[in-house]
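To start, the structure itself, in structure tokens.
Any read-out appearing in this document is the output of simple, stated calculations on the displayed coordinates, not a laboratory observation. Because the structure is predicted, anything quoted here is derived from the model rather than measured. Reconstructed Cβ throughout: ideal geometry from the backbone, glycine too, with neighbour counts over all protein chains shown.
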Amino acid sequence: AQKITQTQPGMFVQEKEAVTLDCTYDTSDPSYGLFWYKQPSSGEMIFLIYQGSYDQQNATEGRYSLNFQKARKSANLVISASQLGDSAMYFCAMRLISGGSNYKLTFGKGTLLTVNP
Amino acid sequence: DTGVSQDPRHKITKRGQNVTFRCDPISEHNRLYWYRQTLGQGPEFLTYFQNEAQLEKSRLLSDRFSAERPKGSFSTLEIQRTEQGDSAMYLCASSSLMAESSYGYTFGSGTRLTVV
């Protein structure tokens with residue numbers, strides 16, 4: 001079974017600074033994808049970034065980058081130049097790419113990020 | 001297409017009543033999912049449809065829960081004889097296998113159920 005661990009219940013960052021949100025995962029399957037989602041207080045889950053287990057380079061998407069360390073099974077999200085609107089819950093999730101359950105996302109418990117002015 | 005729509009956004013019901021939620025996915029997406037999210041937790045998988053076929057139901061879904069996706073379009077999630085433990089946010093998501101690595105799964109805004 002897959003497991004996602006987010007060890008930071010809450011994080012604080014000053015506006016315009018960078019912040020790293022931690023995520024470790026556990027799977028014995030070699031083929032998987034890792035996702036990060038943002039959930040503002042309004043409730044919708046907003047897709048931020050994706051990393052495939054066979055991708056050679058770390059994923060980047062605007063101010064978001066994923067620090068993928070496969071041997072350590074970690075997929076940390078880095079947000080550069082934090083903005084007040086980045087205050088939200090952030091979830092790390094994983095999906096197997098092959099096999100019978102290659103559609104199911106497994107989520108961590110999330111990290112609440114607060115950006116201070 | 002403006003994304004995944006869920007209705008209603010909020011539902012307050014008395015214990016023992018039946019409730020039904022609706023999800024309208026992105027029209028090009030053949031995969032549809034229901035997740036449940038309780039306070040302080042990440043979403044948990046409930047069920048998955050590929051087109052109109054329900055391919056998996058989580059053991060979290062008791063016999064009181066039923067989901068349908070007639071004709072592979074919108075989906076409904078019904079909870080019969082609601083219990084206080086059913087209080088949660090119910091999230092619907094849709095995806096297309098080819099686009100998942102670029103766009104992820106598209107989630108709706110959820111239906112927040114409160115059972116009193």
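Data overview
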item: Amide hydrogen neighbours beyond the local backbone of A:Ala18, cut-off 5 Å, H modeled; result: A:Ala81, A:Ser82
item: Simple Cβ-charge dipole of the range B:8-72, Lys/Arg +1 and Asp/Glu -1, about Cα centre, in debye nearest 20; result: 360 debye
item: Spin-label proximity, B:Arg64 to the range B:17-32 - amide N less than 17 Å from point 7 Å beyond Cα toward beta carbon; result: B:17-21
item: Cα-Cα P(r), chain B, percent of pairs per 5 Å interval; result: 2, 13, 23, 26, 19, 10, 5, 1, 0
item: Reduced Cα scattering model of the protein assembly as shown, Debye log10 I(q)/I(0), q = 0.07 Å⁻¹; result: -0.22
item: For A:Asn76, distant residues with modelled amide H under 5 Å away; result: A:Cys23, A:Asn67, A:Gln69
item: For the range A:1-85, convex hull of alpha carbons as volume per residue, Å³; result: 109 Å³
item: A:Met11 paired with A:Asp55, simple spin-label distance in nm, labels 7 Å along Cα-to-beta-carbon; result: 1.7 nm
item: Net dipole in debye of the protein assembly as shown [+1 Lys, Arg Cβ; -1 Asp, Glu Cβ; about Cα centre; nearest 20]; result: 540 debye
item: Two-site label geometry, B:Met98 and A:Gln69: point separation in nm, points 7 Å out along Cα→Cβ; result: 3.8 nm
item: FRET efficiency for A:Leu84 and B:Asn51, using Cβ-Cβ distance with R0 set to 41 Å, rounded to 0.05; result: 0.45
